[in-house]
């Protein structure tokens, strides 16, 4: 995790739990995949801080299902308002006053460009947010410059 996010985790006294599967190769550049992960974790930190959640928690997990690598980022914040859910991944859609509305849009663009999916999981209001990223795994014979070993390090 980058130093900036580590400081933010410490500053709001959040707990960051990870449960990672064995490393896999996915057809997304490592820098792009890092952007998606950092955006989801950063968004969770923002809402946990803004909502002043007691005992803030972010869970990042990966698993393999068939030919897919699945990444999930969950928090224990207030969740996503039903009013914004339909527009959440739209360009310039933001729930924060100072938000630009670029992060989730760009994350969706990165993931879908490679045939993957990113979604907000259905949860009851007030039980936090949960985002799932599904990416197709690639064959081990794919040249290293075309695949990312980043997921599930």
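At a glance:
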| quantity | calculated |
| --- | --- |
| Criterion violated by residue 91 - all others in (1) within 26 Å of residue 12 (Cβ to Cβ); (2) in contact with a helix residue (DSSP H, G or I) (Cβ under 6 Å, 6 or more places away or on another chain); (3) at pLDDT below 90 satisfied | (1) |
| Single match in 33, 48, 71, 40 (criterion: farther than 26 Å from residue 137 by Cα, buried (at least 16 other Cβ atoms within 10 Å of the Cβ) and touching a strand residue (DSSP E or B) at 6+ places or on another chain (Cβ under 7 Å)) | 48 |
| For residue 52: the one exception among (1) modelled with pLDDT under 90; (2) more than 15 Å from residue 118 (Cα to Cα) | (1) |
| Test: residue in segment 27-36 that is closer than 22 Å to residue 123 by Cβ and at pLDDT 90 or above | yes |
| Residue match in segment 17-29 (condition: more than 24 Å from residue 112 (Cα to Cα) and out of contact with any strand residue (DSSP E or B) (no Cβ under 6 Å at 6 or more places or on another chain)) | no |
| Residue satisfying all of: in segment 94-151; modelled with pLDDT under 90 and crowded, with 18+ Cβ neighbours inside 10 Å; nearest to residue 18 (Cα to Cα) among these | 151 |
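The values are calculated or read from the model by the stated rules, or taken from the named source; none is laboratory data. All of these numbers come straight from a predicted model, not from anything done at the bench. Positions of Cβ are backbone-derived with ideal geometry, glycine not excepted, and every protein chain shown enters the neighbour counts.
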